[in-house]
Amino acid sequence: METGLSTTSTRTVTVFKLHERDGIGGKQPHLPFLVISSKSSKGDSVLVILDPKLDRDNYSIFFNGLRERGYNLTFRSPKDPKPAIIEFEQPQFSHVILFAPETKSFASDITPQSLVQLLEKDTNILIALSPKQTPLTSLASEFSLILPPPGTPLISHFPERDTPENVIPVTPTRNEILSSTLAPVWFSGVPFSLQNNPLLVPILNAPAESFASDSEGDNGANALVDASEKGGEGLWAGSSLGLVTGFQTLNGARATWVGGVDVFSDEYAQKEVSEGVKSGNKQFGADVSAWTFQESLVLRVDSVSHHRVNETTPRETYTTNDRIVFSAEISRYNPKIATWEPYSGIGDLQLEFTMLDPHVRTALPPVAGQPGKYSVAFRAPDRHGVFKFVINHKRRGWTHLHSSTVVPLVPPRHDEYPRFLSAAWPYYLGAISTSLGFLIFSALWLAGDDRETKRGKSTKTE
């Protein structure tokens, strides 16, 4: 086991010293003590599982970049039993890098089940694949990635270049994970098709003119034409194929699948894509690792509050038709200063007031002048029951935000109903008019004419 840095704490300022045996690419002189902030919101310990066939010196730019950002790297081979990934059902590292694309047998602690368990325990994973069939390629299907048959790397004859057909310059599409000024990236490896899974996060897609083939010659293009004539069966081509794809679980853990480990190599990082233009592989590796290790695009809900309009304290129960104010405090992790900052940049945040189904769904906009605060006032529905304030914000690449607060909604008490209802005035007038009519009738009946009685008395007297 080799440890790149010895740290004393995570998520805080870390003091460390480089040793001669810790250098990548040979011995390095002793350096003075440096103070570097923790860059990941989940910790700085990284286990690098490196295939012995891969020379660590060929990836020194990528590994040194991680160290410069404050990560503590620990290296082991795929078959080494120590250091273990999980001990006593607890992850021993915050992040795991699997650079063993062609390894077919691993130590007992590295299994598809253990890797899934790492994600369940909020440990992030960066996995490199190859065109060969390995346990990792079988695991990819569990993450909604479909790989082509073994031995079919991605090739392209365009643009014209002096590199082999399977070494392709890929222009990244614009997204929030990668830098906006990223130069084309050299890629060599296997593509994969993406299933319709909302947890997938496309990072780098294949060029439109590229395709997967079992040969680097033009007969691969003929096979592509044959497949297209058969209705697309077996067609592995075009920009719909993924080369680097992320997967974010519901609890926030991230796994990134890379079609080839050479993307992180020093050769590709220093190779020019055109005369005088260096490739973007170095920055690409930094961007991908930053997203995977939860440095970038990380959000959290700090607190929520609710109360009636014109009040400040929450109630244990609310009454139907109450005017309720709901507020949420949201922050974003800033890796430059290793701290959480209020974030008001979410423009499509929503609040749901639900009882089985949403009875109220409304926008939850940011509050001007109060960074990180989102608030909305709404009228409670005219239906009593157990309701929940729910925030469920899911956007590709960003941390999923979820918050649920239970509150009872009760009907008004008998003394809380209004004395008179404006909508009931017709009934009130009907009742009043009926009562008045009855009184008038009674008065007239009681004070009616008694001539019939007097007539009867006069006849009897005669």
Expressed in nm to one decimal, what extension gain is obtained for the pair Ser240 and Arg56 from 0.36 nm per residue of sequence separation less their Cα-Cα distance? 63.0 nm
Quick one: length gained pulling Arg413 to Ala208 fully straight, 0.36 nm per residue minus the C-alpha distance? 67.1 nm
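Which of Asp44, Asp302, Asp415 comes first, and how do the rest follow, when ranked by fewest Cβ neighbours within 10 Å?
Asp415, Asp302, Asp44
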Using θ = phi - 60° and the Karplus relation 6.51 cos²θ - 1.76 cosθ + 1.60, list the HN-Hα couplings for the range 253-265 in order, rounded to whole Hz, with x at every Gly or Pro. 5, 10, 10, 10, 9, 10, x, x, 6, 5, 4, 9, 6
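Which of the trypsin sites (Lys or Arg not before Pro) found in the range 319-419 are in a DSSP loop and have at most 11 neighbouring Cβ atoms, other than their own, within 10 Å? Could the numbers behind the result be given before it?
Details: sites: Arg323, Arg332, Lys336, Arg361, Lys373, Arg379, Arg383, Lys388, Lys394, Arg395, Arg396, Arg413, Arg419; in loops: Lys336, Arg383, Lys394, Arg395, Arg396, Arg413, Arg419.
Within the range 319-419, the qualifying trypsin sites (Lys or Arg not before Pro) (loop, at most 11 other Cβ atoms within 10 Å) are Lys336, Arg413, Arg419.
Going by how many other Cβ atoms sit within 10 Å of their own, how do Phe88, Phe438, Phe293 line up, fewest first?
Details: Phe88 6, Phe438 10, Phe293 28.
Fewest-to-most ranking of Phe88, Phe438, Phe293: Phe88, Phe438, Phe293.
Lys336 to Thr171: extension gain in nm, 0.36 nm per residue of separation minus the Cα-Cα distance?
Working: separation 165, 0.36 × 165 = 59.40 nm, distance 2.71 nm.
Between Lys336 and Thr171, full extension yields 56.7 nm more.
For each of Asp262, Asp214, Asp348, count neighbouring Cβ atoms within 10 Å of the residue's Cβ, then give the residues from fewest to most.
Numbers: Asp262 21, Asp214 15, Asp348 9.
The most exposed by this proxy come first: Asp348, Asp214, Asp262.
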Spin-label model distance (nm) - Ser422 vs Lys79, 7 Å beyond Cα toward Cβ: 8.4 nm
Radius 10 Å from Cβ of Lys132, net charge of other residues (Lys, Arg +1; Asp, Glu -1): 0
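Each reported figure results from applying straightforward, stated rules to the coordinates on display, with no laboratory input. The shown structure was predicted, so the numbers you read here are calculated from the model rather than taken from an experiment. For neighbour counting, all protein chains shown are included, and Cβ atoms are generated from backbone atoms with ideal geometry for every residue, glycine included.
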